[in-house]
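To keep things clear, I will list the structure first and then write my remarks on it.
Laboratory data are not the source of any read-out in this text; all were calculated from the coordinates shown. All values reported here derive from a predicted model rather than from experimental measurement. Cβ placement follows ideal geometry from the backbone for every residue including glycine, while neighbour counts extend to all protein chains displayed.
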Amino acid sequence: MNQHNQSFSGGVFHPSIPGGRAGAEITINRGEIIAYTQCDGQPVFSIPINQCQLDLGGASGRMLFCRTPDGQLTIFSEDKHFAQALDLHSGGLLGNQINTLKRAVRSESKKLGFWILASSLACALILFIGYFAMLWAAKATIASLPISIDEKIGKLALDSMDVGKRLDSAHPASKLVQSIVDKLQPHAAIPNMKFKVIVVEDPQVNAFALPGGQIVVFTGLIREATSAEQIAGVLAHEMSHATLRHGLQSVSQSLGIVAAIQLFVGDIGGLVALGAQIAQQSILTSYSRTSETEADLEGARMLHAAKIDPQAMAEFFGLLKEKEGDIPDAIAWISTHPQHSTRIENIKNHQKSFPATQYEPLDLNLKEAQEAL
Ligand SMILES: [Zn+2]
């Protein structure tokens, strides 16, 4: 097609047209932009190229408008060759205007790219915040629930576990552990939590707490401890798992928050059983690292409040670390409580924030308890 006969479909705005607007066939000829309208009488409009004022717009942002300086007449087309033809026929007169418009289009698409990126980042941020808000909401929900739910789950979990032969509560080892728990109890974060000690005859150097405050201590741990304070350290840590309600947190994480809330507020029969199973698993494997750190720091606080040096807790970690190779069963508590070097450091640093106090040695006979085992 000859350049001079090139035509573009578009339209015209002019007050003389009914409705102010009409579709048109546009050509460029002898220095003029000519629009042949398709309405009654088929009036023809024209604008000299050297008077044309260009603008971009329309829904696509790519409609090229050519206006007379008084703004009365506008001829427009979306044809992508329209600008090219104008540039060519204007003998370079419209080149500057066209380039300015092209730059504006480019910067618009850059801006659009920026907004797409920015909104993607905003979405990611909202999801990220939402995740933590949900964790926080789960924690807040758990904090508002009655302790009786922890107790139910804990009891069920223990009943379904084969922990082994339990020592009589009158046994010196049971009495020793009970005395330590009694000394720590007044300083527990949940004052009305009923802690119950169960000493089990087992060579494993291990102890764990169930939701609701039942604490299982294996005789291996009592045998290996070199002071009653070290046992107090482990007990304070385990009691803290119970008062910080880490069991319920594991349950809510495993079941999902919605199911967890159902469990906590609704008919709890079947779900308690499921919760007990999950609690049991998380006890036998390990709590999250965050939960372990929380239990260490809260345990150190309890020990300090009970005038027992929190160093005893760190000391016990050190002892287990040393004995790791010597006694195979020492591995039990260590395997569920990794990163002991970091934890010893954390406890030491945390202790610096406590007010000065005079620690008192526990008036308990560890040797006698050990000999009775
Ligand atoms: Zn722990």
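List of remarks:
- In this simple spin-label approximation, D70 and T141 carry label points 7 Å from Cα along the Cα→Cβ vector, and these lie 7.2 nm apart.
- Listed values for the range 242-251 are Karplus-derived 3J(HN,Hα) couplings in whole Hz (6.51 cos²θ - 1.76 cosθ + 1.60, θ = phi - 60°), namely 6, 6, 7, 6, 5, x, 5, 5, 4, 4, and x replaces Gly and Pro.
- Hz values of 3J(HN,Hα) by residue in the range 349-360 - Karplus curve (6.51, -1.76, 1.60), Gly and Pro given as x: 5, 5, 4, 4, 7, 7, x, 5, 8, 9, 6, 10
- Using the Cβ-Cβ distance between T357 and A170 with R0 set to 41 Å, the FRET efficiency from 1/(1 + (r/R0)^6) comes to roughly 0.75.
- Among A170, A85, A242, residue whose mean-square fluctuation peaks in a GNM of the chain (springs only between Cα atoms under 10 Å): A85
- Computed lengthening from N96 to L112, 0.36 nm per intervening residue step minus Cα-Cα distance: 3.3 nm
- Over the chain, the reciprocal of the mean inverse Cα-Cα separation, the Kirkwood hydrodynamic radius, stands at 26.8 Å.
- Nearest-ten-degree value, helix 147-159 long axis tilted from longest Cα axis of the chain: 60 degrees
- Among the cysteines of the chain, those whose beta-carbon sits 4.7 Å or more from every other cysteine beta-carbon are C39, C123.
- Spatially, the range 13-63 and the range 142-162 are offset by 80 Å when compared through their Cα centroids.
- Cα long-axis angle, helix 172-184 against the chain (0 to 90 degrees, to the nearest 10): 50 degrees
- Only one residue of S90, V234, L297 has its Cα farthest out toward the positive end of the dipole of the chain, where Lys and Arg carry +1 and Asp and Glu -1 on Cβ, and that residue is S90.
- Ascending count of other beta-carbon atoms within 10 Å, so fewest first, for M134, M193, M313: M134, M193, M313
- Residue order, fewest to most beta carbons within 10 Å, for V105, V181: V105, V181
- Extension gain, K194 back to E345 (0.36 nm per residue minus Cα-Cα distance, nm): 51.3 nm
- Links that overshoot a 21 Å alpha carbon limit, given the list K194/K367; K183/K307; K175/K367; K321/K348: K194/K367
- Q84/Q38 FRET efficiency (R0 25 Å; Cβ-Cβ; nearest 0.05): 0.55
- With respect to the chain, whose longest principal axis is taken over its alpha-carbon atoms, helix 269-284 is tilted by about 80°.
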